Amino acid sequence: MGKPTGFIEFTRELPGKRPVGERIKDYNEFIERLPEEKLNQQSGRCMNCGVPFCHSGCPLGNVIPEFNDAIYNKSWEEAYDILTSTNNFPEFTGRICPAPCESACVLGINQPPVTIEEIEKHIIEIAFDKGFVKARKPNIRTGKKIAVVGSGPSGLAAAAQLNYAGHQVTVFERDDAPGGLLRYGIPDFKLEKWVIDRRILVMEQEGVTFKCNSNVGVNISINDLLREYHAIVLAGGSTVPRNLPIPGRELKGVYFAMEFLKQQNKRVSNLAVEAEDLFATHKNVVVIGGGDTGSDCVGTSNRHEAKTVTQFELLPKPPEARSENMPWPTYPMTLKVTSSHEEGADRYWAIATKSFIGDENGNLKGLNIVDLEWTISADGRPAKFVEKAGSEREIPCELALLAMGFVHPQHEGLIKQLGVELDERGNVKATEQAFQTNINKIFTAGDMRRGQSLVVWAISEGRECARKVDEYLMGHSLLETKDSSYIVNN
């Protein structure tokens, strides 16, 4: 490795951020770049472990020690080649991945882990700056045509890989621009949309065709796809949000988180908002759900200048550090404080909402909530809860955002018309080994197959699915698998 004693000499450092009072006035990304000296120090902390557990911690199997070594030695193009041998879109994961690789870092046993996610982001941005990122056009076309339905991270990854294999790929997207969750689910202050547009341009130069405003099963005929394409990849994501069917759910002021977030993303992109405007301005906002989507609602509400922002979580408050039930190198379910939480929010755990309370005009004016008492199972996980006697109360709320996750993909339209089988959770049924549905030429990947998950898992799924489609069409495949490495391939 570049610096065998780096983990002793240097401690973990993250890039600076614009001050909270400044950044909540706009929707721009606010995390700065590390100076070259600091970047080299951070990559030099990598320990050259005998068994680098970061590989297994990363759903993509990124070859992390090798690109850290390249960065330490200022071999920027080599670092880019290593990183993109396993990850099509490090500019996405470097911004929004929760970095399970860092949780598995060996250094993290008794020190802060290597800043893998930030190093990844810096590699790809330096690669774009230096002109290393170029369109990779296949030398030979196979004559096979593939339709990818959905342009989120799994659909984009599948499309990119299948195009590299020489197939002609067309991506169908029902929204007005590609990106799926990346474009209309994640706020610009975490992922500015020029980052997506930059990547889409590269893919178009490589030969991938994008057809937007194309809702397969609605304004695009499924029979046409079945007739014209040799294979179809379903990558529409898990889009049906989990509801909270309690009294008052119909009140004006209770909305799904994605209704709120998508509107704001459209405004930032200067696009028309077709539905009634949803603003948090001067309102008491309650976000119901403690995950990343809830955090995004917090950050957006602060930028709307909400009167108050409160976030509820049904589960008890997680510990701040690993417990004996979360041994290294597993991903620890510890307390997460996001940049949106840093900007201001009251967070409460073990809270249930019993009803939404409205005024005489049908507008939301408050919530009826209650504290919960949880019992913990032998493995340290919350098991059962009961309502805490005497804790029921009403709090003011004019905007309630339901951010409790997603249950499964939309069944009406595409899925029902195709007749693909569903699993017990309502996802499109396909094996992880083949990614193939009950209809031979139809494959599926990402959240549509595995359920709601991380962007990095969606990219991994898209890549693995692409290889199976290639094998189905050609009888073999030269596309990389998750277990392939830069070292082996080179």
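Read the figures in this text as sums done on the coordinates, not as results from a lab. Predicted model only: the values in this text are computed from it and were never measured. Reconstructed Cβ throughout: ideal geometry from the backbone, glycine too, with neighbour counts over all protein chains shown.
Observations
- Furthest towards positive pole of dipole, A79, A104, F67, structure part region 6-130, Cβ charges: A104
- Residues with amide H under 5 Å from that of L422, placed H, sequence gap 5 or more: K429
- Between region 462-481 and region 227-295, the alpha-carbon center distance in angstrom: 34
- In percent, rounded to a whole number, the relative contact order of region 6-130 is 28, using alpha-carbon pairs under 8 Å and six or more apart.
- ³J(HN,Hα), Karplus 6.51/-1.76/1.60, whole Hz, each residue of region 416-430, x for Gly, Pro: 5, 5, 6, x, 6, 6, 10, 8, 5, 9, x, 8, 5, 7, 7
- Dipole moment magnitude, nearest 20 debye, the chain about Cα centre, only Lys, Arg, Asp, Glu C-beta charged: 640
- By other beta-carbon atoms within 10 Å, ranking F279, F89 with the fewest at the front produces F279, F89.
- Rounded to 5, percent antiparallel among DSSP beta bridges of region 243-404: 50
- For the chain, a/c is not less than 1.5, where a ≥ b ≥ c are the root eigenvalues of the C-alpha gyration tensor, and a/b does not top b/c. That puts it in the oblate class.
- Each of K482 and E392 was given a label point 7 Å from its Cα along the Cα-to-Cβ line. The distance between the two points is 4.6 nm.
- Simple point charges give the picture: +1 on the Cβ of Lys and Arg, -1 on the Cβ of Asp and Glu, and for region 243-404 a dipole about the Cα centre of about 160 debye.
- Model label points for H282 and N325, set 7 angstrom from Cα along the Cα-to-Cβ axis, are 4.6 nm apart.
- Between Q263, I395, N361, the Cα set farthest toward the positive side of the dipole of region 243-404 (charges on each charged residue's Cβ, about the Cα centre) is that of Q263.
- V337-N270 FRET efficiency (beta carbon distance; Förster radius 41 Å; 0.05 resolution): 0.80
- Taking amide H positions as modeled 1.01 Å from N, with prolines and chain starts lacking one, the residues under 5 Å from F256 and 5 or more places away or on another chain are L402.
- Length added when fully stretched, F128-N73, from 0.36 nm per residue minus Cα-Cα: 17.9 nm
- Spin-label zone in region 253-293 - amide nitrogen under 17 Å from a point set 7 Å from the Cα of K317 along the C-beta vector: 289-291
- Counting DSSP beta bridges with both ends in the chain, the antiparallel % (nearest 5): 40
- FRET efficiency, A378 to I246 (Cβ-Cβ, R0 35 Å, nearest 0.05): 0.65
- R0 of 41 Å, Cβ-Cβ distance N215-I8: FRET efficiency to nearest 0.05: 0.15
- Once backbone amide H atoms are built at 1.01 Å from N, I220 has N215 as its partners under 5 Å, excluding neighbours fewer than 5 places away on the same chain.
- Leading residue at positive end of dipole, region 243-404 (Cβ point charges), from A280, T300, S377: S377
- Helices meeting the span-like rule in the chain (full DSSP H runs, Cα extent of at least 15 Å along the helix axis, mean Kyte-Doolittle score of 1.0 or higher) are absent.
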